[in-house]
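The values are calculated or read from the model by the stated rules, or taken from the named source; none is laboratory data. The structure presented is a predicted model; accordingly, all values stated were derived computationally and were not measured. Using ideal geometry, Cβ is built from the backbone for each residue, glycine included, and neighbour counts are taken over all protein chains shown.
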Amino acid sequence: MESARRRLRSRVEAEAYVASVCFKHGPPRLTGVELEWIVHHAEDPRRPIDAHRFTAALGPYAPRTLNKESPQLPLPAGSPLTLEPGGQVEISALPKPSLAELFDAVTTDLGFLSELLADAGFVLGDRATDQHRPPRRLLDTPRYAAMEQVFEPIGPHGLTMMCATAGLQVCLDVGEPATLAARWAAVSALGPVLVAAFANSPNLRGRPTGWASARMRAVLGTDPPRSAPSKIVEDPAADWARRVLDTPVLCVRGDGDRWVTPDGMSFADWLAGARAEPPTTDDLDYHLTTMFPPVRPHGYFEVRYLDAQRGDSWVTPVALLAALLSTPGTVDAVLDACLPVGDRWLPAARHGLADRALAAAAATVLDLGARALPGLGLGRDLTEAIVADLDRLPRRSTS
């Protein structure tokens, strides 16, 4: 416990700590996913979610952010169930050494969760933004109150991101030191291409937004120092460590229901004496959880740029990402295709694959993925189904 709460005294020490905990080297072995869905009343999707009825629906699986007395049981295949601030449900599947095991576990837990909610009159949404209701916070926790307080003066995107969006997150191992920079560059440069290919949030509050991915538009506009894409550089660990320390501290935790939100104080400022007590490694660990870039180093690469998908079609982008990073040769081919468009985040969010440069890169990427998929051990039928889904992507409408 002492080492977990060690006082930090210098920027050099803090940067070294960030690099060590966020970029953990090792052979790529595990893949995980976190799937979010917006929840609606089946009889009226415009109706706000009532916390008491939602708590009753989730029963012993309810997170303690919703019900402090809940035993918070995992779902049958072991996935923890969590909630986002607006009441979006999230399955955080435990990482698995094979995609087949991962898909089986998530399919089991998703089926169980869907039935649990259906029995209480709720349904899972099929889009990555709330198409019917304005953003409203369901969970009243110190963390989410602080986030809303910080994001609100910046604009409307923060509350939208918190309460009216749902994402599909893929967790991939960092890899060995010799391949780290290339894997980081590939997963980052893929971002605009895959945002465009899997955009699934054209509407918000019952109206068309003019964006293929209104969710990604909200994320990028939430709080740029903490939500903008990271740079593609040769030493991503050092660059990330500098960024983390230069980002304003969202909140300083305390014992009460409302935490301090220091105005403009970066973590580096805190180290330099902006507060009476110097920060600890525990404070820095928490600060890391308040960073929301499209790819977040978290001991592994947490890919956060994908919209939630319809039904079970989440399988396709997860398998595609795993295939595209499966061999050094495929990673190199991804870089050739995607680096020229690796900064087109806003065009991807606005136009999807109607952007010609992104469409051209996507055609190459989808072909690369289709050729690499048979090596993932998913079985013939599932592999063929995913390849067929990839073939349909360029023609898929977001209307």
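Being surrounded by fewer than 21 Cβ atoms within 10 Å (Cβ to Cβ) and either under 14 Å from the mean Cα position of the chain (by Cα) or touching a residue at least 24 places away in the same chain (Cβ under 8 Å) (or both) is a property that holds for Ala146. Scanning region 250-269 for residues that are of a type in the set (D, E, K, R) and assigned to a helix (DSSP H, G or I) returns a single hit, Asp269. Looking only at region 154-175, count every residue that is of a type outside the set (Val, Ile, Thr) and assigned to a strand (DSSP E or B) and tell me the total. Residues in region 154-175 being of a type outside the set (Val, Ile, Thr) and assigned to a strand (DSSP E or B): 5 in total.
Scanning for something outside any loop (DSSP other than H, G, I, E, B), in contact with a strand residue (DSSP E or B) (Cβ under 6 Å, 6 or more places away or on another chain) and not hydrophobic (A, V, I, L, M, F, W, C), does region 97-106 turn up at least one residue? No. Of the candidates Gly125, Gly111, the single residue that is out of contact with any helix residue (DSSP H, G or I) (no Cβ under 8 Å at 6 or more places or on another chain), closer than 22 Å to Ser79 by Cα and without any contact (Cβ under 8 Å) to a residue 40 or more places away in the chain is Gly111. For Ser92, the conditions (1) in contact with a Gly (Cβ under 7 Å, 6 or more places away or on another chain); (2) surrounded by 13 or more Cβ atoms within 10 Å (Cβ to Cβ); (3) at pLDDT 95 or above all hold with the exception of (1). Taking into account only those residues within region 160-204 that are surrounded by fewer than 22 Cβ atoms within 10 Å (Cβ to Cβ) and out of contact with any Gly (no Cβ under 9 Å at 6 or more places or on another chain), which is farthest from Glu302 (Cα to Cα)? Ranking the qualifying residues of region 160-204, first place goes to Asn203.
Going by the conditions given, is Gly86 of a type outside the set (Lys, Arg) and surrounded by 15 or more Cβ atoms within 10 Å (Cβ to Cβ)? Against the criterion (of a type outside the set (Lys, Arg) and surrounded by 15 or more Cβ atoms within 10 Å (Cβ to Cβ)), Gly86 qualifies. Residues satisfying the criterion are present in region 118-137 (criterion: part of a helix (DSSP H, G or I), over 23 Å from the mean Cα position of the chain (by Cα), aliphatic (A, V, I, L, M) and over 30 Å from Pro248 (Cα atoms)). A single member of Ala56, Ala51, Ala105 is of a type in the set (A, V, I, L, M) and closer than 27 Å to Tyr300 by Cβ, and it is Ala105. Of the set (1) in contact with a Pro (Cβ under 8 Å, 6 or more places away or on another chain); (2) outside any loop (DSSP other than H, G, I, E, B), all apply to Ala272 but (1). Is one or more of the residues making up region 281-289 assigned to a loop (DSSP other than H, G, I, E, B), under 26 Å from Asp173 (Cβ atoms) and not acidic (Asp, Glu)? No. Scanning region 304-314 turns up no residue that is within 25 Å of the chain's Cα centre (by Cα), without any contact (Cβ under 8 Å) to a residue 60 or more places away in the chain and surrounded by 18 or more Cβ atoms within 10 Å (Cβ to Cβ). Looking only at residues of region 205-258 that are modelled with pLDDT under 95 and under 14 Å from Thr165 (Cα atoms), we find that the one that is surrounded by the fewest Cβ atoms within 10 Å (Cβ to Cβ) is Gly206. Against the definition (out of contact with any His (no Cβ under 6 Å at 6 or more places or on another chain) and in contact (Cβ under 8 Å) with a residue 60 or more places away in the chain), how does Leu83 come out, yes or no? The answer is no for Leu83. For Thr129, the stated conditions do not hold, so it cannot be described as of a type in the set (Val, Ile, Thr) and surrounded by fewer than 19 Cβ atoms within 10 Å (Cβ to Cβ).
The set of residues in region 20-54 being closer than 18 Å to Gly87 by Cα and assigned to a helix (DSSP H, G or I) consists of Ala51, His52, Arg53, Phe54. The numbered conditions (1) free of Cβ contacts under 8 Å to residues at least 60 places away in the same chain; (2) under 28 Å from Leu204 (Cβ atoms); (3) in contact with a strand residue (DSSP E or B) (Cβ under 9 Å, 6 or more places away or on another chain) are all true for Leu73 except (2).
Residues in region 1-57 that are among the basic types (Lys, Arg) and under 26 Å from Arg243 (Cα atoms) were compared, and the one that is surrounded by the most Cβ atoms within 10 Å (Cβ to Cβ) is Arg11. Residue pairs whose Cβ atoms lie under 6 Å apart, sitting 6 or more positions apart in sequence or on different chains, and linking a residue in region 280-302 that is within 14 Å of Ala228 (Cα to Cα) to a partner that is part of a helix (DSSP H, G or I), are Met291/Arg226; Phe292/Arg226; Phe292/Ser227; Pro294/Gly191; Val295/Val187; Val295/Ser188; Pro297/Cys22; Pro297/Trp240.
Scanning region 62-77 for residues that are within 20 Å of Pro95 (Cα to Cα) and touching a helix residue (DSSP H, G or I) at 6+ places or on another chain (Cβ under 6 Å) returns Leu73, Leu75, Pro76, Ala77.
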